[in-house]
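Presented below is the structure to which this report refers.
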Amino acid sequence: MFITIEFFERMDIFTRSFGNFLLSIVYFLLRTPYYIHLILPLAFLISVLILLIVMVRGNEMIVVRTSGISTASLMKPLLAFSLVLVVLSFILAEWIIPFSSSASDHLYRVKLKGEEAKVFFKNNSIWFKRNNVIYNIDFFDAKKDIVKGLTVLELSETFSVKKRYDAKEGIFKDNSWYFTNVTERIFDEKGLLTKKTYEQFKDLLQEPPSIFKIADKSPEDMGYRELSSYIKRLQRDGHDIKRYLVDLYDKIAFPFINLIMVFAAFSVGLRYMRTKHISIGILSGILLGACYWIFRSISLSLGYSEIFPPLFAAWFSNLLFISSGVIGIVTLRT
């Protein structure tokens, strides 16, 4: 489903030539670990619901109850298997997805779309050169399209510095860059000639934000350790890290969805699944999974907006669903 949707969204690029079509196959293979990571909890939830329906259909649930097997005992094998999925999900997010996402993004932007890749990420800064001008970006916020700590060096024919611009912050809006607190220095052979300060300066950069996203990584494409190191560096340089803390805590919270889905499935399945139609279980699983994603998206958005604390925003939907699942199982009439 993921592959089909993304293929039709970008079909004009993937089918531009036979070479692009072959590269698109490699692109989707690289995207597969990310798709598996996203769909694993929902697939596990639907599988457990189908299992309960099959047990009801074969009267196995009656045998289980009359044998004195409790709901907790029935859940133990699935809880053990869910812990395996938690570890698998964490391995995917920590080691496999950062590599595959970076490779697939580079393949799509550079090889398929033909965007320029003369932008480099070195020593936690973005560097690139255009003609006789060198640009250095200290920090780029890929979510807000904000640049902080820009230095522009304009070189003469003898490679000496002719002009230098230092900008504190810039934001991309209306297809233009707007920088604040910009200092302009002009040099000659003897040294500094003039110095000017501007409250606002337009189009100090000509490149769109998508160019920098080729070199930089978004938090979603980083592992826990890589993102943690990145946050420490931002904190050391005095940048706001609350939005990134939400993503950091979410990298721990997300794999545990597989464990929570066992409680959700048993709470809903044993209470309402008195049917023998598997399609009902699939539909119920999709609806329950959609509810979880809605609460999770809202919670993370409130964390990004700094309404919720980062740790609470990452774990709120997990706590809500596991609490509802436990209460549903405890209050279940057996």
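The values are calculated or read from the model by the stated rules, or taken from the named source; none is laboratory data. None of these values were measured; they are calculated from a predicted model. Cβ: placed from backbone, ideal geometry, glycine included. Neighbour counts: every protein chain shown. These accessible areas exclude ligands, DNA and RNA; they are computed on the full protein's heavy atoms, side chains included. Shrake-Rupley method; radii C 1.70, N 1.55, O 1.52, S 1.80 Å.
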> Quick one: Q235 ticks every box in (1) open to solvent by 60 Å² or more (accessible area, probe 1.4 Å); (2) under 27 Å from L88 (Cβ atoms) bar one, so which box is it?
Replying inline: (2)
> Are any residues in the stretch 136-192 polar (S, T, N, Q), on the phi > 0 side of the Ramachandran plot and assigned to a strand (DSSP E or B), and if so, which ones?
Replying inline: N181
>> On the basis of being touching a helix residue (DSSP H, G or I) at 6+ places or on another chain (Cβ under 6 Å) and surrounded by fewer than 20 Cβ atoms within 10 Å (Cβ to Cβ), does L51 make the cut?
In response: no
> Taking the stretch 79-111 on its own, how many of its residues are open to solvent by less than 30 Å² (accessible area, probe 1.4 Å) and either among the charged types (D, E, K, R) or within 14 Å of F256 (Cα to Cα) (or both)?
Replying inline: 7
> Among the helices (runs of 4 or more DSSP H) contained in the stretch 1-104, which hold 3 or more residues that are free of Cβ contacts under 8 Å to residues at least 12 places away in the same chain?
Replying inline: 2-9, 18-57, 60-66, 71-91
> In the stretch 200-229, what residues are among the aromatic types (F, W, Y), over 17 Å from I96 (Cβ atoms) and either modelled with pLDDT of 90 or more or open to solvent by 20 Å² or more (accessible area, probe 1.4 Å) (or both)?
Replying inline: F201
>> Looking at D250 and the list (1) among the acidic types (D, E); (2) crowded, with 18+ Cβ neighbours inside 10 Å; (3) outside any helix (DSSP H, G or I), which single condition is not satisfied?
In response: (3)
> Does S284 satisfy the criteria of being open to solvent by 60 Å² or more (accessible area, probe 1.4 Å), closer than 23 Å to A43 by Cα, hydroxyl-bearing (S, T, Y) and in a helix (DSSP H, G or I)?
Replying inline: no
> With respect to the numbered conditions (1) in contact with a helix residue (DSSP H, G or I) (Cβ under 6 Å, 6 or more places away or on another chain); (2) among the charged types (D, E, K, R); (3) on the phi < 0 side of the Ramachandran plot, which one is the sole condition not fulfilled by R333?
Replying inline: (1)
> On the given criteria, is L311 more than 26 Å from L49 (Cβ to Cβ), open to solvent by 70 Å² or more (accessible area, probe 1.4 Å) and aliphatic (A, V, I, L, M)?
Replying inline: yes
> Residue check: is V54 hydrophobic (A, V, I, L, M, F, W, C) and modelled with pLDDT of 95 or more?
Replying inline: no
> What do you reckon, is L259 out of contact with any Leu (no Cβ under 6 Å at 6 or more places or on another chain), farther than 30 Å from E184 by Cα and part of a helix (DSSP H, G or I)?
Replying inline: yes
> Within the stretch 215-247, can you find the residues that are under 23 Å from L30 (Cα atoms) and outside any helix (DSSP H, G or I)?
Replying inline: D216, K217, S218, M222, G223
> What about S301, is it of a type outside the set (A, V, I, L, M, F, W, C), under 19 Å from the mean Cα position of the chain (by Cα) and in a helix (DSSP H, G or I)?
Replying inline: yes
